[in-house]
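What follows is a set of notes on a single structure, which appears directly below.
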């Protein structure tokens, strides 16, 4: 059977183009920018408490550090959007599940930028985009990870199955963080599940970026 022009053997590593390599760096820069902005904003805010506050409190217009926090999230989201576009291109060869996962990551990345554009002062709109980020992004990781576990005619190296499983588990952990926090209701601010879920999401993004760079996606 003749292979379609946009299809390739996903079981065999392929060398990504120079453009793909360059754009793929956004997958590494996005978490770095986000955590740098969050860390700097917290360091400059002695009033911030992990027991009382949400991370979004740092971006409220009444906060002295709102330009740092919000700008960091907007830039991080834009970088993640670029990387999600790379994943969309690469995912076409893997089928609908991978493509759907990459699209969910794209939507989650857009939501991240909107969190910075719509601070908590605007009310429901901020809550909505925050919810979309913490739901759509892990769901995208679940879809991408699952797509690499599905059997294919070409087969596939065991290493690829392991990487798919790690992405899948990281997506599950990001969602489970919120479920556990909601069920246990610990005496902690919502900033705690926010930062934990963000760490899991960032780890998965970096792993995906490494895979694209190595030609394993």
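Once the Cα atoms are used to define both axes, helix 26-43 deviates from the longest principal axis of the chain by about 10 degrees. Seen against the Cα atoms of the chain and their longest principal axis, helix 191-214 is set at about 30 degrees. Taking one quarter of the surface of the C-alpha convex hull of the chain gives a mean projected area of 12.4 nm².
Taking every C-alpha pair closer than 8 Å and separated by at least 6 residues, the mean separation divided by the residue count of the stretch 18-214 gives a relative contact order of 25 percent. With the simple spin-label model, which puts each label point 7 Å out from Cα in the Cβ direction, the residue 199 to residue 166 separation comes to 1.7 nm. Each residue in 106, 50 was given a count of other beta-carbon atoms within 10 angstrom of its own, and listing them fewest first yields 50, 106. Between residue 125 and residue 85, the FRET efficiency estimated from the beta carbon spacing at R0 = 30 angstrom works out to 0.75. For the chain, modelled as a GNM with alpha-carbon contacts under 10 angstrom, which of 109, 130, 191 fluctuates the most? The residue that fluctuates most here is 191.
No lab work stands behind these numbers, since they all come straight from the coordinates. What you are looking at is a predicted structure, and each value in this text was computed from that prediction instead of being measured. Cβ: placed from backbone, ideal geometry, glycine included. Neighbour counts: every protein chain shown.
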